[in-house]
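This report concerns only the one structure given below.
The values are calculated or read from the model by the stated rules, or taken from the named source; none is laboratory data. Treat the numbers as computed from the prediction; the structure is a model and nothing was measured. Every residue, glycine among them, receives a Cβ derived from its backbone with ideal geometry; neighbour counts consider all protein chains shown. Ligands, DNA and RNA are stripped out before the accessible areas are found, and what is left, the full protein with its side chains, is counted by its heavy atoms. Shrake-Rupley method; radii C 1.70, N 1.55, O 1.52, S 1.80 Å.
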Amino acid sequence: MSAKINKIGVLTSGGDSPGMNAAIRAVVRTAIYRGLEVFGIMRGYNGMIEDDIYQMNSRSVANIIQRGGTILKTARSKDFYSEEGRKRAYENLQKRGIDGLVVIGGDGSFTGAYKLSREFGIPCTGIPGTIDKDLYGTDFTIGFDTAVNTAVEAIDKIRDTADSHDRLFIVEVMGRHAGYIALHSGIATGAENILMPEVTTTLDEMVASLTELEKRKKLVNLVVVAEGYQPNPDSDLKGANEVVRLVEERLKGFETRVTILGHIQRGGPPTCIDRFIASRMGYHAVQCLIEGRHNVMVGILHDDMHYTPLEIAIREKQKIGDDWLNIVKILAS
Ligand code: F6P
């Protein structure tokens, strides 16, 4: 039986994602309702190292459920990679008697939580907060739905102008290592091709399919590319600019344009789905700490809560099945 937890810390770490505020709100209010004290840790692990930690109450999280970003701010902490940094961070927790942590972020943030729990015995729970949706053990990550809806709205607008000019548009969406935003937004906007880091699609294949569509007088051509897609394995160049350069070398007679959506995908008010899953996960993350289910990432699988040990959540990746590519191909024909 693990020791009773009395004081918890909550932080957001890595890239921000819409819905993180809703998760913070749920963590704070659940913890207080259950009789725990809660501390907000600013700027991810940096605030833990620099002792930028403050006590929160129910009112600290009023009026934030609808706001993008994170009131706790976030960072990708370099200092936390070192043992010395983690020791300093632990001492700051210890000083206040913080004996449990909720970490909202992606796999890098969970790696930090896992190390802290292993080295200092601090129980942690992870909440998946990333627009990339690449985490194993959950159907949802906080922020993905908002990001993908932002991308869809933008691509719909691009389609209008692409159609008016009969142009080939290459649209880059976020995802350094993950193609989920590209896959979902590409399918939802009827893209002719979707290029993702996880899937090897050669540009010759893509050019062949565009030429084939052209023969059939399909004049609007939209290609959605994840920023991490690498068209040429012998070169490190990635993303839409590289794709368009290589396509223009191969395809004459197509007028091409590139749009890079960028960080617009990380902001804005969270969708209902993101607020909803954030609230549910935030509640369960605190329950896990109270009930002794430690060092897990809370997820939702098939509409049930699912708990994945942090070391597995860090190691495994959600995979994009081959089926999806068939769907893309058939629906764009
Ligand atoms: O948070 C995930 C993510 O948005 C990736 O999709 C993207 O590659 C990366 O973060 C960008 O990070 P930064 O804002 O640090 O440039």
| Of all accessible heavy-atom area on region 147-266, the percent that carbon and sulfur account for (1.4 Å) | 48
| request: Mind pulling the angle between the C-alpha long axis of helix 239-250 and the longest principal axis of the chain? Nearest 10 degrees, somewhere in 0 to 90. | output: 10
| query | GNM on the chain, C-alpha springs below 10 Å: top fluctuator among Ser13, Ser109, Ser82? | reply | Ser82
| remark: Helix 20-33: inclination vs the chain longest Cα principal axis, degrees, rounded to 10, gives 20
| remark: Nearest 10, in degrees from 0 to 90: the angle of helix 272-291 to the longest Cα principal axis of the chain is 30
| Relative to the present Cα-Cα distance, how much length would full extension add between Ser82 and Glu255 at 0.36 nm per residue of separation? | 57.3 nm
| remark: Among GluC sites (Glu not before Pro) in region 116-188, those in a DSSP loop whose Cβ has at most 13 other Cβ atoms within 10 Å are none
| Sequence-separation-based contact order of region 147-266, relative, with Cα cut under 8 Å and 6+ spacing, percent | 37
| query | Ignoring ligands, DNA and RNA, what accessible area per residue does the chain give at 1.4 Å, in Å²? | reply | 45
| request: Give the accessible area for Arg76 in Å² (nearest 10); use a 1.4 Å probe, count only protein heavy atoms, and leave out ligands, DNA and RNA. | output: 140
| query | Spin-label point model (7 Å from Cα, Cβ direction): what's the Ile264 to Glu50 distance in nm? | reply | 3.1
| request: Give me the Kirkwood hydrodynamic radius of the chain, using the inverse of the mean 1/r over all pairs of distinct Cα atoms, in Å to one decimal. | output: 20.8
| said: Report, in listed order, any pair from Lys4/Lys319; Lys73/Lys238; Lys73/Lys329; Lys252/Lys319 with a Cα-Cα distance greater than 32 Å. | reply: Lys4/Lys319; Lys73/Lys329; Lys252/Lys319
| query | Can you give the accessible area of Phe140, probe radius 1.4 Å, in Å² rounded to 10? | reply | 80
| For His165, solvent-accessible area (1.4 Å; no DNA, RNA or ligand), Å² | 100
| request: Could I have the simple spin-label model distance between Lys4 and Phe120, label points 7 Å from Cα toward Cβ, reported in nm to one decimal? | output: 2.4
| remark: Whole-Hz Karplus couplings 3J(HN,Hα) for region 301-308, θ = phi - 60° and coefficients 6.51, -1.76, 1.60, Gly and Pro as x, run 10, 6, 6, 10, 5, 9, 10, 10
| What area, in nm² and to one decimal, does the C-alpha convex hull of region 147-266 cast on average over all directions? | 6.6
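If you count the DSSP beta bridges with both ends in the chain, what percent of them are antiparallel, to the nearest 5?
Of the beta bridges lying entirely in the chain, close to 25 percent run antiparallel.
So what is the relative contact order for the chain, in percent, with contacts set as C-alpha pairs under 8 Å and at least six apart?
Answer for the chain is 23 percent.
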| message | Under the rule a/c < 1.5 gives rounded, and otherwise a/b versus b/c splits prolate from oblate, where does region 36-104 land using the Cα gyration tensor? | response | oblate
| note | Sorting Lys73, Lys78 on solvent-accessible surface, 1.4 Å probe, most exposed first, gives Lys78, Lys73
| note | Debye calc, one equal point scatterer per Cα of region 270-333, no solvent, log10 I(q)/I(0) at q = 0.17, 0.30 1/Å comes to -0.76, -1.19
| By accessible area of protein heavy atoms, probe 1.4 Å, what ranking do Ile273, Ile155 get, highest first? | Ile273, Ile155
